[in-house]
Amino acid sequence: MPMHRLGAIDVGSNAFRLLAVEVEDTGRWTVLARERAAIRLGADTFADGRLSAGTIARAQEALARFRQRLAELGVGAWRAVATSAVRESRNPEDLVAAAAAVGVPLEVIDPAEEVHLVWQAVRHTLPLEGGEWALVDLGGGSLEIAQVRSDAVVWCRSLPAGAVRLRLICDDPDPVRVDACVEAAIARVRWPAEAARPWAGAVAVGGNIEALARLAGARGDEPTVLSLAELAELRRALAHLRPGEIVRSLGLAPDRADVVLPAAAVYLRLGDVLGVDAWHVPFVGVREGLIWDQWEALAMATLHRSESEREAVEAALAFGRRCGFDEDHARRVAAAATHLFEVTAPLHRLPPDVRRWLLVAALLHDVGRLVNDRRHHKHSAYLIRHADLPGLKKRERRIAALVARYHRGAAPKTRHRGFGRLEADEQQQVRQLAALLRLADALDTVADLHAELIDGDLVLRGRAPDPVRVKEDLDRKGRLFRKIFARDVVWQPRGGVDLKAAPRV
């Protein structure tokens, strides 16, 4: 399947960050580069209101280095955004011009866009199940608080209470003084009437909470949970250390060591205010959100070839989000299904427009889990059949529902209600599309998927964490394909031997 190289530059108040990845149409990433430059724009803006010439020069040098790195990696699409320290300065145009001079088109984004990007990153990392979640992003210059679900940002608030700003306001490192500064900042939050209580959970993002989580024992960049009790213990230990001692004894970067104490105070106080006992730390932020935004634009372009497909895909995604579906899984299955549809065209000989029905079925095949995991394929069919899905006529929606219904379980039979009422040609279309959807579902864990017809067989190549499990899934879920098309399915894991599926039925 096609690979794309995407990049993101986050011009933050404390540091600049670069992320470059190689991403498949399924949304799987391989990180090519992560880089960081401690520029501290906020030290200028929050103290003097302007970005100094020296700071702009250092920023330009870092951006030029990042731009060169993206070029070396062959990154074809990327975005660079700046947050509070730039948007609040009296001379943001000076930095934007300096960035443009080294080939970096810098966007100065507002707090709502910043929250959207963070939410994009979080919802692709954590399930956000069980209701409304609190999302808190403590940067160098601002503090964003939002109420989110897997499908939407409900509301957000932005405060001028970032860690660098708090350090400048509260020059005294005494914990009592720090607490007073934090309390004054959080007291300014205007909580909307719809603010959730209780929360399903609370998510914290940003370099400070990541540093605190690592000090508490987190390894790598895997999502973790940091309890308020652990955070309070860390805060007590940090309160007795000077920034230089934190650098030497705990290994934090110098630009992190002097802001981590006020950051800990913010998360402790907000945890109390929100009524939660722990923070979920996903180790993602604005830069990952930029990647997801770009990938979704590419994925939409890949998934649809016409206005009717675009309308159907957007409606299916919106409906799936309302049902709390696993969007990453749905997109991977849809990408695999459309790839198989194109490759097997000589076998099924279906009109190109039929691909739209398969897309909707693939995106929504698991929405029935909203009702019950058991027999969820039947619940999915019911929900799709009765959903408002612009881009599909009533008959097309009925066929898409049946394709989703047969992504698992029994094969289509004329005695089945709904299927038996279809015309003979429609029944055959359902059989063929369901056969492709079953294979796509079995290929969910396969990266770099490539399918082709060789000597009449369907040969599938790709990388998988458990190639033997993929073969077993293809043996089981490929039975309908072998029966309908009278073709074998051959699984060739990258770097491995051919694993031929079970004999033809």
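Could you tell me which of rounded, prolate or oblate describes the stretch 24-137, using a ≥ b ≥ c as the square roots of the eigenvalues of the alpha-carbon gyration tensor, with rounded for a/c under 1.5 and, failing that, prolate when a/b is larger than b/c and oblate otherwise?
oblate
Take the alpha-carbon centre of the stretch 418-450, take the same for the stretch 129-197, and report the distance between them in whole Å.
So the separation of the two Cα centres works out to 47 Å.
Which peptide among 205-215, 472-482 comes first, and what is the full order, when sorted by highest mean count of other Cβ atoms within 10 Å?
Listed from highest to lowest mean packing, they are 205-215, 472-482.
Would you calculate a helix-derived [θ] at 222 nm for the chain, using -39,500 (n - 2.57) for each DSSP H run of n ≥ 4 and dividing by the full residue count, to the nearest 500?
-15000 deg cm²/dmol
Lysine pairs in the chain with alpha-carbon atoms under 23 Å apart, 8 or more places apart or on different chains: how many are there?
12
Would you mind telling me the antiparallel percentage of the DSSP bridges in the chain, rounded to 5?
65
With a cut-off of 11 Å, note down the residues of the stretch 477-492 whose backbone N falls inside the zone around a label point 7 Å from the Cα of VAL354 toward its beta carbon.
Backbone N within reach: none found.
Over the stretch 126-283, what is the relative contact order in percent, taking alpha-carbon pairs closer than 8 angstrom and at least six residues apart?
It comes to 28 percent, rounded to a whole number.
How many angstrom lie between the Cα centre of the stretch 1-69 and the Cα centre of the stretch 384-411?
Here the two parts' Cα centres lie 44 Å apart.
I need the trypsin sites (Lys or Arg not before Pro) found in the stretch 304-394, filtered to DSSP loop residues with at most 15 other beta carbons within 10 Å of theirs.
ARG305, ARG349, ARG374, ARG375, LYS393
Pulled fully out, how much extra length does the chain show between ARG469 and ALA196, if you take 0.36 nm times their separation in residues and subtract their Cα-Cα distance?
Residue separation times 0.36 nm, minus the Cα-Cα distance, leaves 94.1 nm.
How much length would be gained if the chain were fully extended between ALA101 and ASP272, taking 0.36 nm per residue of separation minus their Cα-Cα distance, in nm to one decimal?
56.9 nm
Only Cα pairs under 8 Å and at least 6 apart count here; give the relative contact order of the stretch 3-110 as a rounded whole percent.
Dividing the mean separation by the residue count of the stretch 3-110 yields 30 percent.
Taking the simple approach of a point 7 Å from Cα along Cα-to-Cβ for both HIS240 and ALA345, what is their distance in nm?
With each label point 7 Å from Cα toward Cβ, the separation is 7.1 nm.
Please report the relative contact order for the chain, taking Cα pairs under 8 Å with a sequence separation of at least 6, and give it as a percent rounded to a whole number.
So the answer I get is 12 percent.
Any chance you could check the Cα centroid distance between the stretch 348-366 and the stretch 74-105 for me, in angstrom?
Between the Cα centre of the stretch 348-366 and that of the stretch 74-105, the gap is 42 Å.
What's the whole-number percent of alpha carbon pairs in the stretch 126-283 lying beyond 19 angstrom?
Roughly 51 percent, rounded to a whole number.
Values in this text are rule-based calculations from the coordinates and carry no lab data. Nothing here was measured: the structure is a model prediction, and the numbers come from that model. Cβ coordinates were reconstructed from backbone atoms using ideal geometry, including for glycine residues, and neighbour counts include every protein chain displayed.
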